[in-house]
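Worksheet for the structure shown next.
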Amino acid sequence: MNTPIPINPIIKLAVNTQELLRCPICSSKFKLDEAKFKCTNFKPHCFPVIDGIPILLNESESVFSISDYVEQKGTTLKPKSQIERLLVNLVPRLICNIKAKKNFQDFAELLLKENLNPKILIIGASVVGEGIESLLSMPEIELIESDVAFGPRVSMILDAHNIPFDDNSFDGVIVQAVLEHVTDPAHCVEEIYRVLKPDALVYSETPFIQQVHLGKYDFTRFTHLGHRRLFRKFEEISSGASCGPGMALAWSYQYFLLSFVKSPLARGLVKVFARMTAFWLKYFDYYLIDKPGTFDAASSYYFMGKKSDRILSDRELLTLYKGTQSSSF
Ligand SMILES: [Zn+2]
């Protein structure tokens, strides 16, 4: 029998969301202890709360440790240096996400068709995602915005390898440009599957042709089919390229130039030069984004799907290839 947890008013999470929380280490429910979250295990696990944000990490399965947050009020994820930020914000960007805005509109519409007040978990919310603004401003959608880093909108710290929520908690999960930064993406998708209600929705984007970003916290890349396979326990609603080959080429050019330099100042200058001379490449993507060749060459791919009982087999997966190459080696 579940005993109701007392509600902690200093936590930034809504009462009905606090009731869905569970310990990321032992999966037991929480009782709240003044400034800490304490689970109901006979050997309770304690988690700190900093400025109303609970730090709910299972340190043994995370590259982050709780002390990073307590001691530094931040994570070891280093922001760009000031000089880099200043220089690169003055010039046109190389990034051009063509599909995200429309995809998030479709995602919100589908959610609201099923539920008047859907509850959504955003994983990776410390930076506002590309194209997500309209969804963030819909009052009928309840958002739980999480990350491994603090940010203006983040209400809790979690690691996607151990999502500290009960099974079947959410109507939707958004995981945009995150799965390349986790050490075990398949495990994280299992966790996403677990916390979604039956028939609930997921939206994911991951890079394919993009060089290392976020430094040491960058582990893997996915083809369109590789990304689809991660979500094989989901029925596909839509998928394809979100950023195209033009952006991929511009990034490659920028990183080719960056490979000659090291210091923050030189990196900043090279970025400015690369952007000024290559920003126009991204406009090809408006033409290329849905072309078959883009399934072999995109900068990133998206997948929108519905939690299902059926698992896509690997032989079926191969039939979903949409690129232009023959299968001969
Ligand atoms: Zn516990």
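Each reported figure results from applying straightforward, stated rules to the coordinates on display, with no laboratory input. In this text the structure is predicted, and so the values were computed from the model without any measurement. So basically every Cβ, Gly included, is an ideal-geometry build from the backbone, and we count neighbours across all protein chains shown.
In the chain, the longest principal axis of the Cα atoms and the axis of helix 185-195 are about 40 degrees apart. Each of 161, 298, 90 was scored by the projection of its Cα onto the charge dipole of the range 82-319, and the greatest displacement toward the positive side belongs to 90; charges sit on the C-beta of Lys, Arg, Asp and Glu. Once you list every other residue whose beta carbon is under 15 Å from the beta carbon of residue 96, what net charge do they have if Lys and Arg are +1 and Asp and Glu are -1? Every neighbour counted, the sum reads +2.
Extension gain for residue 256 to residue 317 (0.36 nm times residue separation, less C-alpha to C-alpha distance): 18.6 nm. Taken one residue at a time, the phi angles of the range 39-51 give Karplus couplings (6.51, -1.76, 1.60, θ = phi - 60°) of 7, 8, 4, 5, 10, x, 9, 10, 10, x, 10, 10, 6 Hz. Gly and Pro are set to x.
In the elastic network of the chain, a GNM with C-alpha springs shorter than 10 Å, the most mobile of 182, 91, 195 is 91.
For the chain, set up a GNM with springs between Cα atoms under 10 Å and report which of 155, 28, 259 has the largest fluctuation. Largest GNM mean-square fluctuation: 259.
In the chain, a dipole from Cβ-located charges (positive for Lys and Arg, negative for Asp and Glu) runs towards its positive end, and of 252, 287, 14 it is 252 whose Cα lies farthest in that direction.
Considering only 135, 143, 86, the mean-square fluctuation computed in a Gaussian network model of the chain, springs between alpha carbons under 10 angstrom, is largest for 86.
Classify the chain from the C-alpha gyration tensor, please: rounded if a/c falls under 1.5, else prolate or oblate depending on whether a/b exceeds b/c. Oblate.
Relative to the longest principal axis of the Cα atoms of the chain, helix 245-258 runs at roughly 90 degrees. Going from the fewest other Cβ atoms within 10 Å to the most, the residues 302, 321, 286 appear in the order 286, 321, 302.
Residues 294, 183, 223, 319 in ascending order of nearby Cβ atoms (within 10 Å, fewest first): 319, 183, 223, 294.
Each Lys and Arg adds +1 at its Cβ and each Asp and Glu adds -1 at its Cβ; summed about the Cα centre, the range 82-319 shows a dipole of about 920 debye.
Based on C-alpha pairs under 8 angstrom that are at least 6 apart in sequence, the range 82-319 has a relative contact order of 25 percent.
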